[in-house]
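Note sheet for the following structure.
The values are calculated or read from the model by the stated rules, or taken from the named source; none is laboratory data. Quick caveat: nothing in here was measured; it's all calculated off a predicted structure. Note that each Cβ is placed from the backbone with ideal geometry, even for glycine, and that neighbours are counted across all protein chains shown.
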Amino acid sequence: MSALSITDLSIDFPTTKGVVHAVTGLSLAVARGRRVGFIGESGSGKTTTALAVMQMLAEPGKVAGGSITLGETDMLSLNEEEMRKARLSRVSYIPQGAMNSLNPIMRIEDQLWDGITAHEGTTDREQLKARSDEVLESVGMPARVGQLYPHELSGGMKQRVCIALGVILTPDLIIADEPTSALDVVTQRHVMQTLKDVQDKIGAGLILIGHDMGLMAQSVDELAVLKDGVLVEHGDSRQIIENPQHPYTQELISSVPLVGGDSFLDAEVGAPPINRGEPGVPLLEFKSVSKTYGNVTALQPMSFALDGEVPKIISIVGQSGSGKSTMGSLMLGFNPPSTGQVLFEGQDIAKMNAAQSLEFRKQVQAVFQDPYACFNPFYRVNHALKFPFKQFGYATSEAQVQEKMEEACRAVGLDPSLVLGRYPHQLSGGQRQRLIVARALMLSPKLLIADEPVSMVDASLRATILKNIYDLKDRYGISILYITHDLATAYHVSDYVIVLYQGHVAEAGPPQEVIGNPKHEYTRLLIDSIPWPDLDRSWGTPSTAAEDAERLDRLARDNKTEFRGSVSGFDLELS
Amino acid sequence: MSTIPRAYLLNRLLTLFLTVFIAATLIWIIPRLSPVDPAEIMLGRMAAGAGAVADSEAILAQLRQNFGLDDPLFVQYLKYLWNTVTFNFGLSTATFPTPVSALIAQALPWTLGLMILSLIITFFIGNLLGALMVWEKSPKLVRVAIPAAMVFTSIPPILSGLLLMWIFAAKLRWFPLTGAYGLTVEPGWSWDFAVSVMHHGFLPALSIVIVTFGFWALGMRGLMITVQGEDYVTLAKAKGLRPRYILYKYMIRNAILPQITAFALKVGLLIAGQVLVERIFAYNGMGKLLYDAILDQDFPVIQGVSFVIILMTALSVFIVDLIYPFIDPRIRHEVTS
């Protein structure tokens, strides 16, 4: 029996500039107990379709045609009060932004209880308490979590609370909208296993929305591929992954970077590497640098020298809280080290005078995670490109600035006539992130710190942007520190990889060794946690979470480092 | 509910003390930058009353001595600090020899009653209306009517006060024109007196509410728009919670937090009274006291009133600091050096 059947669904967004057809003629059924993945880029209509089932379309969205049936109920004929009652009890929603999905001023159990009360009217505390404890336990959390406030939980725990909420009234259908996009790989695996486990238990249908083909392959039975509001391919996930018919599906599958797989980078390299360093002086040097907050070690004492003569990409990988972003901010001088010195071309960045500091800012550029937050929304994007260029005294004339901007845009694969002169909100996330890379390129720095540059970009665009960044090294001789939680991309782009765990270096060396053939248990855990777009590869069982916790616990006790060989021009030492 | 840690309490008390101390010092310094000699003003007032004053030099010297104006500045300052601590603000120069503290004690209850009451009413009305402007389930009429009502906010209080007086007191005769209580009732803890006070306070309070609710409504509107876009509100809707419950527990409850801080700051400011409102309605509160004192260059009264204002502001901020962690669990009673 179908939990949900959608027939010929169309959703329109009437705007002043005409009607936008967000979804057109979509038909699909989700059987009870089945997991169906909605995959596609942002704007493909996957979330819009799901929200239409709950009648929660954002203004001014409207269902323009077709029908949505949940069990026997025609969802589109329900009035507001009937729809309210159907939410959570018959169809539940697990949102994307788990970080912010819970009311910050209410305890967890109150937020589970109000859901029950709104549908069943129960206000008996003991009864409510028993049910919230039970549902928390079913998602692997102790009952005492109910007493806590959202800010006292980690991202993974918050997402589990949202899952608990999603199953508390045993609905027929669960809609999970990118439930793990804000989590690191290890946590992602645990949360997905929890979700699959509880969904199995209550026998509900599940719609999983996402854009990561690997995660889909490991999580769903059926795949529905959406592009521009149209269902382009739908079927058994094995069949689609092994034998995709539509070119778009093929592209989605091939764009997933794999550890050990084919490189997504161009084999042929443009110009030979340019020598931009000063002989004998390292470009960037850490001298026994450490960072502690109170008695928490954010970064263990370490020394390294990055020689700028031959540009290199050094990757720093780890989960959230591993200290990788701390390393980035130490390098940028945003955060003073607790001990030791950070040197740029032999000069301590904490003791630079105004002129040296300006030169340092000129030579060291950064690309951050959120491409939206990097632009001032009140200015056209030109401003973001132009301003530093002029500020650092590179500009000679307006025409030259314009020419430079256009050249930089073309270098990152953007058509200048389409992006320049527009406001940040008018561009897609991918375009914005490429503009940030273009800005760095215009200044032609010697060093680029890229902190999770592609984690907020659609999977299909990640490869392109990383290619842009990689080109900076090859064509322009810029050395890059690539900070990421994504081992597959680190494997392909880097010359040297440092794996961090709780501020300690777990493993370090060339990527073929560290990621291709990991020795350290932590690196192995990270690699095991990657969902592969390959159904024959196991992604663990529900008991994995407990095993992982044990593994991490063991790791926390012994801080041993595996050195896996070195590359010339980069020496790492731990003290 | 946790209790307030002692270290935090001490830290806040120290902040409170320092704020009041610095403010008290400033209050003392600023009037002394004025070239006016208060003794000469008093003499001038006597002269105006009597036509001429004999032996004026001697009287001036006597006055200066009485007010301690002959002491070195440092001694004056120390005396002032000690007096401040003991709430002894000296004698008013304008209504010599009434002690300033007596004047304040007389005016303060009226202002506290009128202002705090109208502030609380305004706070509730303003925030509720601001929230309703944003809430998607509000009746259309409400969403149109509130912005229209905001026009009143831009009317100067003196005008709206006069208008209210003209309509309700002069024309309709529903309320008395001026004063804080009727001349026929005896002040005291009697029912008649209470009714009279409320009857007299209604129009001034209404004029304050009309003029100030827009501040709260507009602020709340902005906060509510932000909260409306939060994921937890979307999830609350997806949970099938009742719309009103979402409005109170998920939206207003979160949006109101910054408004509470603003409330604390307003309490202090309002002690100064709506000077003009008190003037128009001949309401003998702190605003009128301060206004008259400024006109008369009555330094001791200005100092005394200013000090009370600062003390009230600092105290209400202190109280908010203590209760905030209970209303927003993300804030902790923590000592940040």
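Side notes on the structure shown:
- Residue within segment A:150-166 that is modelled with pLDDT of 90 or more, surrounded by fewer than 19 Cβ atoms within 10 Å (Cβ to Cβ) and of a type in the set (Ser, Thr, Tyr) present: no
- Filter pass, A:Ala58 being within 11 Å of another protein chain (Cβ to nearest Cβ), under 30 Å from A:Val19 (Cα atoms) and small (Gly, Ala, Ser): yes
- Flag if A:Glu72 is of a type outside the set (Gly, Ala, Ser), within 14 Å of another protein chain (Cβ to nearest Cβ) and surrounded by fewer than 16 Cβ atoms within 10 Å (Cβ to Cβ): no
- Scanning segment B:254-271 for residues that are without any contact (Cβ under 8 Å) to a residue 40 or more places away in the chain and either more than 13 Å from chain A (Cβ to nearest Cβ) or closer than 17 Å to B:Ile120 by Cα (or both) turns up just one, B:Pro258.
- Listed by first and then second residue, the pairs linking a residue in segment B:216-230 that is within 14 Å of chain A (Cβ to nearest Cβ) and polar (S, T, N, Q) to a residue that is buried (at least 16 other Cβ atoms within 10 Å of the Cβ) and in a helix (DSSP H, G or I), with Cβ atoms under 6 Å apart and 6 or more places separating them unless they lie on different chains, are B:Gln228/B:Val134.
- Scanning segment A:165-206 for residues that are among the charged types (D, E, K, R), in contact with a helix residue (DSSP H, G or I) (Cβ under 6 Å, 6 or more places away or on another chain) and part of a helix (DSSP H, G or I) returns a single hit, A:Arg189.
- Every residue from segment A:521-575 that is of a type outside the set (D, E, K, R), closer than 20 Å to A:Gly509 by Cβ and loosely packed, with under 14 Cβ neighbours inside 10 Å: A:Gly565, A:Ser566, A:Ser568, A:Ser575
- Residue within segment A:165-177 that is under 19 Å from A:Arg32 (Cα atoms), touching a residue at least 24 places away in the same chain (Cβ under 8 Å) and among the acidic types (Asp, Glu) present: yes
- Out of A:Ala86, A:Ala29, A:Ala22, A:Ala52, sole residue that is over 26 Å from A:Gln431 (Cα atoms), among the aliphatic types (A, V, I, L, M) and away from chain B (no Cβ under 14 Å): A:Ala29
- Residue list for segment B:273-326, restricted to those being over 20 Å from B:Pro97 (Cα atoms), among the acidic types (Asp, Glu) and modelled with pLDDT of 85 or more: B:Asp321
- Inter-residue pairs, beta-carbon under 8 Å, first assigned by TED's automatic domain parsing to the domain that holds A:Thr194 and in segment A:120-143, second in a helix (DSSP H, G or I) and exposed (fewer than 14 other Cβ atoms within 10 Å of the Cβ), 6+ apart: A:Ser138/A:Lys201; A:Ala143/A:Glu137
- Considering segment A:93-124, and only residues there that are among the small types (Gly, Ala, Ser) and at the interface with chain B (Cβ under 7 Å from one of its Cβ atoms), the residue that is surrounded by the fewest Cβ atoms within 10 Å (Cβ to Cβ) turns out to be A:Gly97.
- Spans of helices (runs of 4 or more DSSP H) in segment A:333-446 with at least 3 residues assigned by TED's automatic domain parsing to the domain that holds A:Ser479 and within 25 Å of A:Leu283 (Cβ to Cβ): A:354-363, A:381-391, A:398-411, A:429-443
- Any chance A:Ser77 is among the polar types (S, T, N, Q), surrounded by fewer than 18 Cβ atoms within 10 Å (Cβ to Cβ) and more than 11 Å from chain B (Cβ to nearest Cβ): yes
- Considering B:Leu241, B:Leu235, the condition of being at pLDDT 90 or above, within 21 Å of B:Pro329 (Cβ to Cβ) and assigned to a helix (DSSP H, G or I) is satisfied by B:Leu235 alone.
- The single condition from (1) away from chain A (no Cβ under 14 Å); (2) among the hydrophobic types (A, V, I, L, M, F, W, C); (3) in contact with an Asp or Glu (Cβ under 9 Å, 6 or more places away or on another chain) that B:Leu241 fails is (1).
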